[in-house]
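The values are calculated or read from the model by the stated rules, or taken from the named source; none is laboratory data. In this text the structure is predicted, and so the values were computed from the model without any measurement. Ideal geometry is used to build each Cβ from the backbone, glycine not excepted, and the neighbour counts take in all protein chains shown.
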Amino acid sequence: MTVTRRLFGAALAATAALGLAVPASAQSATQALASESVLNSIQEDGVIRIGLSIFTPWSMRDINGDLIGFELDVGRQLAEDLGVEVEFVPTSWDGIIPALLAGNFDVIISGMSWTAQRNLTVNFSDPYAYSGMALYSNIAMTEGMTIEDYNSPDITFAARRGATPAVAIASEFPLATLLLFDEDGAATQEVLNGNAHATVASQPSPDREVARYPDTLHIPFDVLLDPSGEAFAMRKGDPDALSFFNNWIAAQWRSGWLEERHDYWFVSDDWADQVPAE
């Protein structure tokens, strides 16, 4: 009986020790995650590095060559609330996710829409902006066409390589020919020159281009393609950063600041005299 009681007591002690070890292990794992968060390195370095791609009016160069736009306002306010400086890292769109994964910057804030394919590689915050894409086309080349007519091998679209509009075109008009370029401006120029029938871009770019070239371009259909939200993109495995960014975005929506900044850059043209004439 004595041996049995000792064995039983030892078993109880082992069980108790195991019970204590589980919370300790969980706490250790939580601390490790926190120490590895990009928020920790941002605060240690005193700077947040933001990757973006030049895309009017999200981000662009003013007449002095400085970066301005909706993304710049968002990034600067985010840095101010974090108590750090901000460094913007302009990056080509098709290489922006690989550059994030390589550690070239801490977060992407560049009008990036959530997609399932992208989400396999990066995590997304809650939306900090909402927009949709519109098709605009060469009037002389597309007059009288229905939207179904655009889904034909005889129709050529132009779009920025790797961007959401290119994906939307391939999905909505799979039979059409698609020319890919590194910049949105090149896609529009192909339509203006008559080398492509149409292109697709996030509003308000289509409205602005049609207003600039009313004799050549038009928006033939009152339809938004793939209406969606734009979100911050960050490396996976960082719940602390995801939580902070989501809470920050929610606070800016509640205060009305995000809506006010969005309307300034996307609804008004009060900023137009700040950028070089095209």
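Key figures
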quantity	calculated
Matching residues, segment 99-126, being assigned to a strand (DSSP E or B) and either modelled with pLDDT of 95 or more or farther than 23 Å from LEU72 by Cβ (or both)	VAL107, ILE108, ASN123, PHE124, SER125, ASP126
Single match in PRO204, PRO174, PRO239 (criterion: out of contact with any strand residue (DSSP E or B) (no Cβ under 8 Å at 6 or more places or on another chain), buried (at least 16 other Cβ atoms within 10 Å of the Cβ) and within 28 Å of PRO98 (Cα to Cα))	PRO204
Cross-chain or 6+ apart pairs with Cβ under 7 Å, segment 88-111 first and assigned by TED's automatic domain parsing to the domain that holds SER59, then assigned to a loop (DSSP other than H, G, I, E, B) and among the aliphatic types (A, V, I, L, M)	PRO90/ILE54; TRP93/ALA163; ILE97/VAL122; LEU100/VAL122
Failed item in (1) in a helix (DSSP H, G or I); (2) surrounded by fewer than 20 Cβ atoms within 10 Å (Cβ to Cβ); (3) among the charged types (D, E, K, R), with GLU209 passing the rest	(2)
Which numbered condition SER152 misses (of (1) closer than 21 Å to GLU172 by Cα; (2) exposed (fewer than 14 other Cβ atoms within 10 Å of the Cβ))	(2)
Criterion violated by PHE157 - all others in (1) buried (at least 16 other Cβ atoms within 10 Å of the Cβ); (2) over 25 Å from ALA99 (Cα atoms); (3) of a type outside the set (A, V, I, L, M); (4) modelled with pLDDT under 95 satisfied	(4)
Checklist (1) part of a strand (DSSP E or B); (2) touching an Asp or Glu at 6+ places or on another chain (Cβ under 7 Å); (3) over 16 Å from ILE219 (Cβ atoms) applied to TYR136, failing item	(3)
Among residues of segment 232-271, those that are small (Gly, Ala, Ser) and either outside the structural domain of ASN119 (by TED's automatic domain parsing) or modelled with pLDDT under 90 (or both), counted	1
Within segment 225-278, considering residues that are of a type in the set (D, E, K, R) and part of a helix (DSSP H, G or I), the one farthest from PHE124 (Cα to Cα)	ASP273
Matching residues in segment 135-144 - criterion: being surrounded by 14 or more Cβ atoms within 10 Å (Cβ to Cβ), in contact with a Ser or Thr (Cβ under 8 Å, 6 or more places away or on another chain) and either over 25 Å from PHE266 (Cβ atoms) or among the hydrophobic types (A, V, I, L, M, F, W, C) (or both)	LEU135, ILE139
Yes/no for PHE221 being surrounded by fewer than 16 Cβ atoms within 10 Å (Cβ to Cβ), of a type in the set (Phe, Trp, Tyr) and at pLDDT below 95	yes
Single residue of segment 147-164 satisfying the filter (outside any loop (DSSP other than H, G, I, E, B) and free of Cβ contacts under 8 Å to residues at least 40 places away in the same chain) that is nearest to TRP114 (Cα to Cα)	GLU148
Of the criteria (1) out of contact with any helix residue (DSSP H, G or I) (no Cβ under 8 Å at 6 or more places or on another chain); (2) over 27 Å from PRO174 (Cβ atoms); (3) surrounded by 17 or more Cβ atoms within 10 Å (Cβ to Cβ); (4) in contact (Cβ under 8 Å) with a residue 24 or more places away in the chain, which one TRP114 fails	(2)
